[in-house]
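S.K.: Questions regarding the structure given below will be posed in turn.
Read-outs throughout are calculated quantities, based only on the coordinates presented, and are distinct from any laboratory measurement. These figures come from a predicted structure and were not determined experimentally. Methodologically, a virtual Cβ is constructed for each residue, glycine included, from the backbone with ideal geometry; neighbour enumeration extends over all protein chains shown.
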């Protein structure tokens, strides 16, 4: 994955598609249309990446592709990259473990902090599904710390995927 743009090069709502060139948006749409043909869908995703290197919307497209194609290791890699980049864009360093609740407006649920939380939830989920329970639980604990209102339903995820957590 290319390193992406310099910090703050994309608008805060880039994860919602802001700043995405129309041609890249078309490639993402074509990737969705050709989901049943993974090789062709991947070609469209690669083309979108060429047209909009480092754009969060393209990263989301890759994440969804790998996730729904049953490629959890590849989806986890994308989630890790998204977490690091979102943290960096928010001026929080690159390691999600070091993020404090006051580091961004997590309660305000604005696009980039919300994207960071969604990437963290995906990272947690994939680690749990891959049997990396301790790492998944650490990520869910950080999600609960940052998303105090539980808007992303991390507690539900924990209850479903970590059954012993029901006693908490």
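S.K.: In degrees, nearest 10, range 0 to 90: what is the angle between the Cα axis of helix 38-51 and the longest Cα principal axis of the chain?
M.R.: Once rounded, one gets 80 degrees.
S.K.: Across all directions of projection, what mean area in square nanometres is found for the Cα convex hull of the chain?
M.R.: The orientation-averaged projected area of the Cα hull of the chain comes to 9.5 nm².
S.K.: Could you grab the relative contact order for the chain? Cα pairs under 8 Å, six or more apart, rounded to a whole percent.
M.R.: 17 percent
S.K.: Separate question: Quick check: the distance between the Cα centres of segment 49-98 and segment 131-164, to the nearest angstrom?
M.R.: Here the two parts' Cα centres lie 19 Å apart.
S.K.: Shifting gears a bit: What are the semi-axes of the equivalent ellipsoid of segment 72-168, taken as the square roots of 5 times the eigenvalues of the Cα gyration tensor, listed largest first and rounded to whole Å?
M.R.: Semi-axes from the Cα gyration tensor: 21, 16, 10 Å.
S.K.: Just rank 60, 78, 133, fewest to most, by other beta-carbon atoms within 10 angstrom.
M.R.: Sorted ascending by nearby Cβ count, the order is 133, 60, 78.
S.K.: Same structure again: Counting only helical runs of four or more DSSP H residues, what would the 222 nm mean residue ellipticity of the chain come to if each run contributes -39,500 (n - 2.57) and the total is spread over all its residues?
M.R.: -19000 deg cm²/dmol
S.K.: Using a 10 Å cut-off around each Cβ, can you sort 67, 109 from fewest to most neighbouring Cβ atoms?
M.R.: Fewest-to-most ranking of 67, 109: 109, 67.
S.K.: Mind checking the alpha-carbon convex hull of segment 11-70 and giving the volume per residue in Å³?
M.R.: Spelled out: Cα convex hull of segment 11-70, divided by residues, is 65 Å³.
S.K.: Still on this model: In degrees from 0 to 90, rounded to the nearest 10, what is the angle of the helix 111-129 Cα long axis to the longest principal axis of the chain?
M.R.: Approximately 70 degrees, to the nearest ten.
S.K.: Now for a different question. If each residue's Cβ is checked for other Cβ atoms within 10 Å, how do 58, 162 rank with the fewest at the top?
M.R.: Ascending number of Cβ neighbours within 10 Å: 162, 58.
S.K.: With everything on Cα atoms, drop me the angle between helix 22-33 and the longest principal axis of the chain, reported from 0 to 90° to the nearest 10.
M.R.: Roughly 70 degrees, rounded to the nearest 10.
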